[in-house]
Every structure is written in C-alpha cells, then in structure tokens.
Amino acid sequence: MKIFITTLAMLFSIITYAQEIDVEIEDDEEMEVEMEDEMDPSEMYKDLKHPEDIADAVTDGLKDPREKTEAIFKWVAGNIAYDIKMYDDFKTGERDKKKGKRIKRSEMEEHNADKVERALKKKKGICEDYALVFKAICDEANIETKLIKGWIRNDPSKLRSTGAKHVWNVVKIDGEWLHCDATYASGFLNNYDEYVFDYEGESYFFPNPEQMQYTHFPKDTTYKLTPVALTKDQFKKRPLVGKGFFTNKITKLDPNEVAISVKRGENITIAFESEEKLTEVTCYRPKTDEYIIVKHVQVGNRNNVIIKTKDFKSGPIHILANKELIAAYKLAVVK
C-alpha cells in the first residue's frame with residue numbers, strides 16, 4: 001500500500017459544450033478526433049471488458065513492442081482498482097472455498113481465465129489479478145509475457161522484513177526479459193481505505209533493474225533482475241526505498257544495508273548518486289513525527305546528506321527529497 005496522498009484529477013468533456021454553440025459540423029468532428037489523439041488510452045477505453053477488445057483498442061496504430069506494452073500497462077494500471085477486501089479474504093483463506101485443495105494443472109488455464117473475466121468485469125483485483133489481466137491483453141497483442149512470483153519490500157514500517165508475497169510480470173522485448181508491476185503502478189489506498197489512482201510508470205514500468213532490486217525479489221532466479229542476483233538475505237538487509245528513489249534515479253546508495261549503528265552525537269552521512277537536482281532534502285523521524293534539517297551537498301550527480309544525531313534515540317529514519325521517500329534505515333544509537 002502506498003503512503004502518498006494525492007487528489008484524483010477529474011477529466012471532463014468539452015464535446016457536449018461544443019454542440020451547444022454555433023459551430024460547423026466539420027469543425028466539431030475535427031475537435032473530437034484531436035481530443036481522442038490526445039487522451040490517454042486508459043481514459044478512452046474504460047468500459048472494455050474483453051482482453052482482445054482492449055488489446056485492439058489501446059495498441060491501434062502502434063508497431064513498436066515497447067510502445068504497445070506500455071499502452072497495455074497504462075490501461076491496466078489506470079482501470080483496475082486494488083480490492084482490499086479481496087486481499088483480506090485471501091489472507092484468511094476465505095477467498096478460496098476449497099482451501100487446501102490444489103488446482104489441477106489441467107484446470108489452471110480455465111481457472112486463470114475466470115479470474116481475468118471477473119477482474120475486468122468488476123475493475124478490481126489483487127496483485128495476481130493485475131498480472132493475469134496484463135498477460136491476457138499482452139497475449140492478444142502477441143507480446144510474450146509471464147507471471148513472476150516473489151516478494152516486494154515497500155512498507156517503511158517493516159524495515160527488517162523480507163516483504164509481502166507478490167505477483168508481477170516480465171515482458172520479452174528484443175530478446176530480453178524486462179520486469180513491470182501494474183499493481184503498484186496503479187495507485188494506493190488513502191487513510192479512508194479509498195482507492196486512489198496515481199500512475200507511477202517510472203517506478204514500476206521497466207525501471208532500472210539495479211533500482212528494482214531494492215523492492216522486488218523473484219522466486220525464480222531464471223528471471224533475476226541483474227546478472228549478479230541478490231540472495232534473499234541480502235534483499236532483506238537492503239535499505240527500504242520509496243517513490244523518490246525512482247523519480248530521482250538514485251544509484252550507489254551508501255550505506256547499502258538497512259541497519260546503521262552510530263555513537264551518540266556523531267554525524268551520519270547518507271551518500272548516493274542522482275541524475276536529478278534534488279530539493280528540500282530532509283530527514284524524517286517516524287517515532288517523534290518530526291523533520292530534521294540536514295546538510296545536503298550535491299556536486300554533479302554525487303550527493304551527501306549529513307545528519308547530526310545529537311539528542312537522537314534509536315529508531316527508523318527516512319531520507320526525503322521534496323517529501324518523497326528516498327531511503328529508510330533502522331538507526332541504532334549507542335554510547
């Protein structure tokens with residue numbers, strides 16, 4: 001679940017208004033065509049419920065496989081809302097009334113097809129449903145796609161956890177398997193358990209594999225993110241990263257383990273490289289709900305964030321840029 005709260009922008013039509021004023025039919029038709037060209041596919045084809053129809057609509061006129069894949073990804077992320085009730089039921093075993101009975105391999109394809117049909121009808125689902133819907137549409141567009149099972153770490157309140165079990169996709173582009181995650185690109189639940197669409201393509205559509213290694217750990221090493229894959233223990237010990245890590249294109253994070261030990265009164269330096277010019281760099285302490293002023297030095301791509309630990313107690317610290325989480329650590333203050 002994402003922790004960023006935003007306002008969902010409402011898209012409204014000007015076609016009805018245009019019909020009420022004195023315009024020539026030809027001009028009105030041109031206006032509609034121009035609008036359709038400018039609208040995002042996820043806004044234009046919300047009511048479609050069949051994978052073949054969605055594939056035809058959102059990839060119409062596109063030839064590049066990457067562009068086709070992105071159009072499908074945006075549609076799924078922009079139209080399927082996360083179903084928190086289904087997730088809760090799934091955790092307690094109530095979702096599957098035949099709990100304990102494994103689905104036969106011969107019945108798996110039909111079982112998955114039913115999930116896709118339900119998700120597209122209700123426009124809701126959990127991670128597996130997002131991945132299955134994405135694959136079903138890609139199949140219709142002749143894009144080779146597979147489901148990946150593994151773990152995701154993205155909850156700053158669980159710094160020492162391997163994360164939650166998760167399902168996402170890989171897509172074969174120019175002979176290379178690239179990872180993408182429509183579930184987390186889609187949006188988040190706000191403080192009222194209302195789902196808010198908030199597309200995050202940079203973080204979850206073909207992101208830098210080195211960056212994605214901080215959040216995703218595939219169970220099948222065939223689809224490892226980088227040539228030298230992390231072990232599960234190494235994955236668990238990494239700093240937890242957030243939206244700012246991806247949007248600012250952070251690399252070479254140091255320290256590169258979540259646990260930091262420092263003597264009381266000593267300074268901490270968090271170093272990393274960023275392709276973006278960072279602003280409003282701060283340190284947030286969740287236990288005391290306070291922001292700490294830091295010394296931020298950026299020379300070229302290199303950044304040093306220096307934090308004075310006077311009066312600090314042990315606990316989590318978050319490094320933020322423009323209020324977006326870059327990295328979270330577990331700080332141990334010793335005498």
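The table below lists the values:
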read-out	value
Estimated dipole of segment 250-334 in Debye, rounded to 20 [Cβ of Lys and Arg +1, of Asp and Glu -1, Cα centre]	380
Nearest-0.05 FRET efficiency for Met44 and Lys232, computed from C-beta distance (R0 35 Å)	0.25
Packing-based exposure ordering (other Cβ within 10 Å, fewest first) of Leu159, Leu147	Leu147, Leu159
Extension gain from Asp56 to Asp174, taking 0.36 nm per residue of separation minus the Cα-Cα distance	40.3 nm
Listed pairs Lys74/Lys158; Lys146/Lys224; Lys135/Lys249; Lys252/Lys308 exceeding 20 Å between Cα atoms	Lys74/Lys158; Lys135/Lys249; Lys252/Lys308
For segment 222-274, with +1 on Lys and Arg beta carbons and -1 on Asp and Glu, the positive-most of Ser261, Ile250, Gln234 along the dipole	Gln234
Contact order relative to length of segment 250-334, as percent, for alpha carbon pairs under 8 angstrom and 6 or more apart	36
R0 of 30 Å, Cβ-Cβ distance Glu194-Ser314: FRET efficiency to nearest 0.05	0.30
Exposure proxy ranking, count of Cβ atoms within 10 Å, fewest first, for Phe205, Phe245	Phe205, Phe245
Neighbour-count order for Cys283, Cys180, fewest beta carbons within 10 angstrom listed first	Cys283, Cys180
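Where a number appears in this text, it was derived from the coordinates with a stated rule and is not lab data. Just so it is clear, the model here is predicted, and its values are computed rather than measured. Note that each Cβ is placed from the backbone with ideal geometry, even for glycine, and that neighbours are counted across all protein chains shown.
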